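The values are calculated or read from the model by the stated rules, or taken from the named source; none is laboratory data. Everything quoted here is computed from the prediction, not taken from an experiment. FYI the Cβ positions are ideal-geometry reconstructions off the backbone, even for glycines, and counts take in every protein chain you see. All accessible areas refer to the heavy atoms of the entire protein, side chains included, with ligands and DNA or RNA removed. Shrake-Rupley method; radii C 1.70, N 1.55, O 1.52, S 1.80 Å.
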Amino acid sequence: AVALATALSVNANAAPSGEPMSNQDWWPNRIDLQPLRMNAEKSNPMGEDFDYAEAFSQLDLDAVKKDLEQVLTTSQDWWPADYGHYGPFFIRMAWHSAGTYRVYDGRGGAGGGQQRFEPLNSWPDNVSLDKARRLLWPVKQKYGNAISWADLMVLAGNVSLESMGFETFGFAGGREDDWEADVVYWGSEREWLGNDKRFDGGKLEKPLAADHMGLIYVNPEGPNGNPDPVAAGHRIRDTFGRMAMSDEETVALIAGGHTFGKAHGAHKPEKCIGAAPGDAPLEQQGFGWENKCGKGHSEDTVTSGLEGAWSANPIAWSSQFLDNLFGFEWVKTKSPAGHTQWEPENAEQVKFVPDAHVEGKRHAPMMFTTDLSMRFDPKYREIAERFHKNPQEFQQAFAKAWFKLTHRDLGPRARYLGDEVPEEVLSWQDPIPEVDFKLVDERDVKNLKAKVLDSGLTVPQLVRTAWASASSFRITDMRGGANGARIRLAPQKDWPVNNPQELASVLEQLESIQKDFNRKARGGKKISMADMIVLGGAAAIEQAAKQAGYDVTVPFKPGRNDATQEMTDIQSFSFLERKADGFRNYYSSEAHLAPVDMLIDSANLLDLSVPEMTVLVGGMRTLGANYNGSQHGVFTDKPGALSNDFFVNLLSMDTKWSKSASEKGLYEGKDRKTGKLKWTATPVDLIFGSNSELRAVAEMYATNDNDEKFVNDFVKAWTKVMTLDRFDLK
Ligand code: HEM
């Protein structure tokens, strides 16, 4: 009865009658495989054969841009444009679409068009952007499959800037739309604008970047509403840094962005504003925040609750933001909605900003607390003053920072589409030189594989190295992966997870085989180290399969090239470091989640499904590919052979598992009859027997008729990981 009562009390938030409770509702501590299920779900109405790059190549980008320009200046009665131009509104939409990006896990960002879905669609920071996207619908409808929402939002931001006299750095398409809300950890607070949890311990929790739940970055009124521009400056540095932005880029973005448009806080939100789209009544058809005060839009609009514009002409590019920032002494005031903002001390004498809707009415410019950080934080001030003196430099810095902001999560240049792609190569794009040599053919591959296997390098060494190289990939921002062979370079070569000492010696031997081949090859034929490393893994797996009695070929497609240290931005690349890798049974104290959750997170970053993750873990264990050669989870008498032993032995009732008395976090498997120690395991190993859904897949791989399927599935999943970054093949 006690247990039942406990179970009942846990579920105080039961689902409404008639709706199923999810297992996560019942057992909140159970691991959640949902992020991996998404990779296998068929929720994309475009179907598997749809090729977005191909569809985009049919697009007349100039025509789309002309139509967008038309939309910008055609005010609609249902949401009239401020100053007769939707440009600033669309810039905010594009910035909020891209600005959720964060470096630690590559999640968020413009890719996928996630602003269309909850939670982002209904975030308090995205108030009114439902209208911005609806204004774009006629353009989306007209061009259909050829331009995704994700691309269209960024493009609309660019066209807005151009339409207001700003020269942009370029535009690349290539962001395919998602069709369901992404599962992203945005923080553990249960209240909008809460931030009581994320600063536990004094520092913003990783991998978060925003300093409040439901905000893109920081609170415009200062940290937790404290109107202190210097304190706000620290928060801005921290959060914009986690968006991959330097101080210079941050100043350029804030000063550049807030040249345009206005803030909206005509009334007290609590008196006027209805539910967010996620909670709004059916008849509103996706719109939220219904405003019942005054006209409900135009001069009565309530968005952030702050009110006013930064520039005399908010629909033209200028350096007015900086002129005003330094030109006035700013004093605190309140918006009509009651929020703290700043006005010039002589506000009455400097009413040079026209009203956005009411003819003849004029206002003084305003600033947010966070805008004033650009003047009162000493480092930001130095940059802002330089920009103020050199408008041309400011213009270029904003153009480049805007391009980075909106393209950061699109991945390497190989993914860029369209004829507005800038030629200049930027270090944050993790550039890889173009292949300017003849590639190896099938015979060369066969010979090279034989040489690798002859070199004395072992199966575990080759598998670990290939895995280390390829598994740095993150589907979230398309960075990392085997291409470029950055595993040879700082910082990747020194990451603890890669066992730097062993790695260096394996790479040295592979390099000597590579050099020897390249020296002797004729007709400009060469193999890169990036290809050598992947080829080494393939050779090892074929050998391991043979040892288990299976004759398989691991597909190998040459065409990777090697980056140099100079092409590698060490700081930016450091964010790809894995602090845990369940596939190699590696876990460090710096991991931000428990071992099993880290495994699921890694699998998610590698775009793996539940079965793919399962087969890879099982195979890597019997291949002996654990970090440092540890024996945990190596449930086989024939390590180095590719067999389904991991699953067979894990599920065997001959073994009884218990927590290790000597080592925390470890488990011991003893023979049920003799009590003799047979195996040791980590939680990442035992979860495949403990979690009911993972056990189901483990059982499938452990049955007598699926031993060969196991080998084939392993090879398939392995090949997928090795080619995750081969955008040239897709
Ligand atoms: C408007 C906050 C950075 C572009 C606003 C508004 C707020 C805000 C509260 C008013 C929204 C409304 O009531 O309608 C912030 C904060 C930032 C930041 C706290 C960082 C510290 C940026 C950046 C850009 C940008 C980086 C673009 C590069 C804009 C634009 C508007 C705007 C164009 C005007 C929108 C309109 O006219 O409808 N911002 N912002 N902001 N923001 Fe920002």
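A few comments on the model shown:
- Counting the residues of the stretch 196-225 that are within 14 Å of the ligand (Cβ to nearest atom) and either over 18 Å from W95 (Cα atoms) or of a type in the set (V, I, T) (or both) gives 7.
- Restricted to the stretch 608-656, and to residues there that are part of a loop (DSSP other than H, G, I, E, B) and acidic (D, E), the residue that is nearest to T458 (Cα to Cα) is D637.
- Those residues of the stretch 236-272 which are among the basic types (K, R) and either near the ligand (Cβ under 9 Å from one of its atoms) or open to solvent by 50 Å² or more (accessible area, probe 1.4 Å) (or both), in sequence order: R237, K262, K268, K271
- Across the stretch 106-134, the qualifying residues are those that are among the hydrophobic types (A, V, I, L, M, F, W, C) and outside any helix (DSSP H, G or I), and the one among them that is farthest from the ligand (Cβ to nearest atom) is F117.
- For R175, the conditions (1) touching a helix residue (DSSP H, G or I) at 6+ places or on another chain (Cβ under 6 Å); (2) open to solvent by less than 20 Å² (accessible area, probe 1.4 Å); (3) part of a loop (DSSP other than H, G, I, E, B); (4) within 26 Å of S335 (Cα to Cα) all hold with the exception of (4).
- Some residue of the stretch 330-349 being free of Cβ contacts under 8 Å to residues at least 60 places away in the same chain, touching a Cys at 6+ places or on another chain (Cβ under 8 Å) and away from the ligand (no atom under 12 Å from the Cβ): no
- Search result, residues across the stretch 226-235 that are open to solvent by 20 Å² or more (accessible area, probe 1.4 Å) and near the ligand (Cβ under 10 Å from one of its atoms): R235
- Residues of the stretch 192-229 classified as under 21 Å from K334 (Cβ atoms) and not charged (D, E, K, R), total: 13
- In the stretch 401-418, the residues that are more than 16 Å from V251 (Cα to Cα) form Cβ pairs under 6 Å with partners that are open to solvent by 10 Å² or more (accessible area, probe 1.4 Å) and within 16 Å of the ligand (Cβ to nearest atom), at six or more places apart or across chains, as follows: R408/A244.
- Answer from A275, A309, A280 - the residue that is of a type in the set (A, V, I, L, M), within 30 Å of E118 (Cα to Cα) and within 12 Å of the ligand (Cβ to nearest atom): A309
- Number of the condition not met by A81 [criteria: (1) free of Cβ contacts under 8 Å to residues at least 12 places away in the same chain; (2) touching a Ser or Thr at 6+ places or on another chain (Cβ under 9 Å); (3) away from the ligand (no atom under 16 Å from the Cβ)]: (3)
Yes/no per residue for (1) touching a residue at least 24 places away in the same chain (Cβ under 8 Å); (2) open to solvent by 40 Å² or more (accessible area, probe 1.4 Å); (3) of a type outside the set (S, T, Y):
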site: V459; (1), (2), (3): yes, no, yes
site: A466; (1), (2), (3): yes, no, yes
site: R474; (1), (2), (3): yes, no, yes
site: K493; (1), (2), (3): no, yes, yes
site: P496; (1), (2), (3): yes, yes, yes
site: N499; (1), (2), (3): yes, no, yes
site: S505; (1), (2), (3): no, yes, no
site: I533; (1), (2), (3): yes, no, yes
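- Taken over the stretch 280-297, the residue count meeting the criterion of being closer than 12 Å to S128 by Cα and either at pLDDT below 95 or not charged (D, E, K, R) (or both) is 7.
- Failed condition for Q70, given (1) in a loop (DSSP other than H, G, I, E, B); (2) out of contact with any Pro (no Cβ under 9 Å at 6 or more places or on another chain); (3) more than 24 Å from K404 (Cα to Cα); (4) not hydroxyl-bearing (S, T, Y): (1)
- Selection of first residues in the stretch 672-698 that are touching a residue at least 60 places away in the same chain (Cβ under 8 Å) and of second residues that are of a type outside the set (A, V, I, L, M, F, W, C) and in a helix (DSSP H, G or I), restricted to Cβ pairs under 6 Å at least 6 apart or on distinct chains, gives the following pairs, ordered by first then second residue: P683/P595; V684/G582; V684/P595; V697/P611; V697/T614.
- Restricting the stretch 15-67 to residues that are of a type in the set (D, E), outside any helix (DSSP H, G or I) and over 22 Å from R474 (Cα atoms), the residue that is modelled with the lowest pLDDT: E19
Rundown of residues vs (1) in contact with a helix residue (DSSP H, G or I) (Cβ under 9 Å, 6 or more places away or on another chain); (2) within 25 Å of N158 (Cα to Cα); (3) not aromatic (F, W, Y), yes/no style:
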| site | (1), (2), (3) |
| --- | --- |
| E343 | no, no, yes |
| Y380 | yes, no, no |
| E393 | yes, yes, yes |
| W402 | yes, yes, no |
| D409 | yes, yes, yes |
| R415 | yes, yes, yes |
| V421 | yes, yes, yes |
| L426 | yes, yes, yes |
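- Residues that are touching a strand residue (DSSP E or B) at 6+ places or on another chain (Cβ under 9 Å) and either part of a loop (DSSP other than H, G, I, E, B) or free of Cβ contacts under 8 Å to residues at least 12 places away in the same chain (or both) were ranked within the stretch 548-575; the one that is most open to solvent (accessible area, probe 1.4 Å) is F575.
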